[in-house]
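What follows is a short report on a single structure.
The values are calculated or read from the model by the stated rules, or taken from the named source; none is laboratory data. These numbers come from a predicted model, not from an experiment. As a convention, Cβ positions derive from the backbone with ideal geometry for all residues, glycine included, and neighbour counts pool all protein chains shown. In case anyone asks, the SASA skips ligands and DNA or RNA and just uses the protein heavy atoms, side chains included. Shrake-Rupley method; radii C 1.70, N 1.55, O 1.52, S 1.80 Å.
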Amino acid sequence: MQCLAKHGHFLPGNMQGLTEEQIEELKYKDEYEKICVPQGGSVECEDPIGRRTGKAPNEAMAEVLMKTITDAKEMVSNKLTASNTVLTLDIVRDALDRLKGAVMIVYPMKLPPYDPVQMEFENDEDLSGTQASLEVIEQGSLWWAGKELLPEKLLSDYVGKNEKTKVIVKLTKKGSSAPGREQVMSEEEKKQMMAWQYRKQEEMKKLHEADDGDDYYNSAWANSNNLKNQFHGIGNIKWGPK
């Protein structure tokens, strides 16, 4: 939907990636160009990859789309765990309905049937052979601590009955192997540790440079036990090979 807000609706498949000269030469036409006009008119914003018309909604209508996208993402964000909010199917449907409503406001005549946004709203998008298809899991398995969480068992069978226990589970496709374990330290924690070590080294370096001559404390004449050691004949003992 971000691309829709920036570059307008999708071009027909036979026109994608072609220049204007090539489209004119081949006499291709976008039959939805004059139908799917955004509310308030359009502004020119060429799509660098040539998949969209380049006739984007005006600034006010684009803001409607972008704000709704941000709100929908927050509704299904993983930050919900911080507020102990459970993500349900009803919340997902509500977020999707808001996106549909925003598109209807900006495009009252709807989008072309081949536009990915419209196809997604109608649950008719074909993701075969695309990168997005790898993110779709129709049948999945939950994993925790290298163990698959079987649906016939309770979560307490794996993590105990302490209600305040927090676990991080991973979702994979059904039948796949166990996912990789979580890193012991996050990237942010690694950066903080490296910064702390660097500051520590700099402090030690400054202390060494600012040495005020206290090395004499290590001299033999400054040893308070020197006279006693001489009486006992142990004043000049050295350890190590001759």
Examine region 59-82 for a residue that is free of Cβ contacts under 8 Å to residues at least 12 places away in the same chain and in a loop (DSSP other than H, G, I, E, B), and state whether such a residue exists.
yes
Would you be able to tell me the number of residues in region 64-103 that are more than 29 Å from Gly40 (Cβ to Cβ), open to solvent by 70 Å² or more (accessible area, probe 1.4 Å) and touching a helix residue (DSSP H, G or I) at 6+ places or on another chain (Cβ under 7 Å)?
1
If a residue must be under 20 Å from Asn84 (Cα atoms), surrounded by 11 or more Cβ atoms within 10 Å (Cβ to Cβ) and of a type in the set (Val, Ile, Thr), how many such residues does region 137-166 contain?
1
May I ask you to list the residues in region 167-178 that are under 23 Å from Ser83 (Cβ atoms), outside any loop (DSSP other than H, G, I, E, B) and open to solvent by less than 80 Å² (accessible area, probe 1.4 Å)?
Lys170
Report the residue count in region 104-139 for those that are in a loop (DSSP other than H, G, I, E, B), closer than 22 Å to Asp30 by Cα and either touching a helix residue (DSSP H, G or I) at 6+ places or on another chain (Cβ under 9 Å) or not acidic (Asp, Glu) (or both).
12
Just a yes or no: is a residue in region 117-132 touching a residue at least 12 places away in the same chain (Cβ under 8 Å) and either loosely packed, with under 12 Cβ neighbours inside 10 Å or among the β-branched types (Val, Ile, Thr) (or both)?
yes
Name the residues in region 48-63 that are surrounded by fewer than 19 Cβ atoms within 10 Å (Cβ to Cβ) and of a type outside the set (S, T, N, Q), would you?
Pro48, Ile49, Gly50, Arg51, Gly54, Glu59, Ala60, Glu63
Out of the residues in region 1-47 that are in a loop (DSSP other than H, G, I, E, B) and among the charged types (D, E, K, R), state the one that is surrounded by the fewest Cβ atoms within 10 Å (Cβ to Cβ).
Lys27
